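Inspection log for the structure reproduced underneath, given as structure tokens.
The values are calculated or read from the model by the stated rules, or taken from the named source; none is laboratory data. Everything quoted here is computed from the prediction, not taken from an experiment. All Cβ positions, even for glycine, are placed from backbone atoms using ideal geometry, and neighbour counts span all protein chains on display. Accessible surface is based on the protein model in full, side chains and every heavy atom, while ligands, DNA and RNA are left aside. Shrake-Rupley method; radii C 1.70, N 1.55, O 1.52, S 1.80 Å.
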Amino acid sequence: MGEFYGDAYSDNAGMGQSGVSTSTGFQINNLNPALWVRNRFTTLDIGLIGQYKEIVSGAKKQGNAGGNLAYVALSFPISPKWALGISLKPYTFVDYENTSSRNVSGAPDINDYIKNYATSGTVTPDLPPGPGVIDAQYVVSGKGGINKASITNSFQIGKYLSVGLETSYFFGNVRKASEVSLGIPGANYVVSLNERSTYSDIAFRGGAALRIPIKKDNKLNLNLGGTYSFSTTINATQTTSFELTQSGFNVVDPDTLQNNLSGGLKIPEQFQVGASLEWPFKMIVSVDYNHQSWSNYRNFSNSNDNLKDVGRFNVGLEYLPRFSSLNYFDLVRYRIGFSHGKTPYTIGKNDVNDTNVSIGFTFPMGRGYQNFLSLALVGGQRGNTGAGMIRERYGRAVLGITLLDRWFVKQKID
């Protein structure tokens, strides 16, 4: 499927990706569909993400950078106790290319290979070894990802409880290719195996949030929240083709090995729980835990890919110096966060852990400071160095723009 983007928008990303139990109502909290009802204004959130990685394995090192649209979300209140939201965001991404080369000694004559393929149609013909040495370059690459379009309904039940349901449509495709380039004098032969997988299906996520007043006059609240993402199997079709080209021209006609083969990806269930202390318009301290049963994952070939169940802790703090101040920087919201947990992967018999720290800021802007510009900076590490191990250090920036307005207001003339 690729690497996951996560559900946190810019403000929660600055709090260690925590906040499943609380929302200020200034921005959309996508960690819990039950919290959308806290937004009493029509709210448009747009986010951009950029990331840099440095990967080390033994003496080898490489770095890469990229960026993408992080999310677009719109929430508007239908009634005082019902909010409706729509959103679009990338769910996973695949973007890699690995290159290696080696000499292939005792290789058969390429002309014998072509004749054998033309007559038998086999991809790897069994030819007798030849006297030559061929320089072969191997390239393995992948591009694409899965997107997520959602409709969220959030309801206030009574004074303290809110519930929500997110209905999502997953769609997208992933393209993978394995190529071997044979360095023969006077010609460049490329043997390639291409795989394209297309995904589409519907999934559901439910949530609940409880706000309990601890002190009178709304001076301190205890917030509890949780979400549950139901296990689903995303429908998929897969097409695999084989090509042999010489200097960019087909030596033989491309061969489709499998065409629109039906299958699916089983995404395991996930739950998140969290608690927070909220001093309204002053400070929030939140702690979350989430768990996903990746041992129940199944890929297109109905294999688990040796993935393991994972758990993760997220801790965050948000501070607003003085809500009623005329000093601009007293109105800026400041955030710090920490997150630690396992990834579903193992290298050899070693688990791969992921730890990161974050800081965030929300700057008010526009007339009356009713709109916001948010920035979250995340730095972390996955894995470790050592024999056969891989260490990945990354830096990530999430920029969010929030616009607030009132819709469906009946005009009055005095």
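Please grab the % of Cα pairs in the stretch 180-230 that end up more than 16 Å from each other.
Numbers: 935 of 1275 pairs.
Beyond 16 Å sits 73 percent of the P(r) for the stretch 180-230.
Per the Debye calculation on the chain with a single equal scatterer at every Cα and no solvent contribution, log₁₀ I(q)/I(0) for q = 0.12, 0.14 Å⁻¹ amounts to -1.02, -1.28. Once Rg and the Kirkwood radius are both taken over the C-alpha atoms of the stretch 202-318, their ratio Rg/Rh works out to 1.30.
For the chain, with all protein chains in place and a probe radius of 1.4 Å, 57% of the accessible heavy-atom surface sits on carbon or sulfur.
Sparse packing (at most 14 other Cβ atoms within 10 Å of the Cβ) combined with a DSSP loop state is found for the following chymotrypsin sites (Phe, Trp or Tyr not before Pro) in the stretch 334-414: TRP407, PHE408. The calculated 222 nm mean residue ellipticity attributable to helices in the chain amounts to -1000 deg cm²/dmol, summing -39500 (n - 2.57) over DSSP H runs of n ≥ 4 and dividing by all residues. Compared with the dominant principal axis of the Cα atoms in the chain, helix 110-120 is inclined by about 80°. The Cα-based radius of gyration of the stretch 282-342, divided by its Kirkwood radius, gives an Rg/Rh of 1.34. When the pairs LYS53/LYS349; LYS215/LYS282; LYS308/LYS342; LYS266/LYS349 are compared against a 21 Å limit on Cα-Cα distance, LYS53/LYS349; LYS266/LYS349 fall above it. Listed by chain and number, the aspartates and glutamates whose alpha-carbon sits under 19 Å from that of LYS148, ignoring those within fewer than 8 places in the same chain, are GLU3, ASP7, ASP45, ASP95, GLU166, ASP201, GLU269.
Computed from backbone phi with θ = phi - 60° and the Karplus coefficients 6.51, -1.76 and 1.60, the 3J(HN,Hα) list for the stretch 59-65 is 8, 8, 8, 8, x, 8, 9 Hz; x is used for glycine and proline. Rounded to the nearest 20, the size of the Cβ-charge dipole of the stretch 319-414 about its Cα centre is 80 debye, with Lys and Arg at +1 and Asp and Glu at -1.
Karplus-based coupling profile of the stretch 366-374, in residue order and whole Hz: x, 5, x, 6, 8, 10, 9, 10, 10, with θ = phi - 60° in 6.51 cos²θ - 1.76 cosθ + 1.60 and x standing for Gly or Pro.
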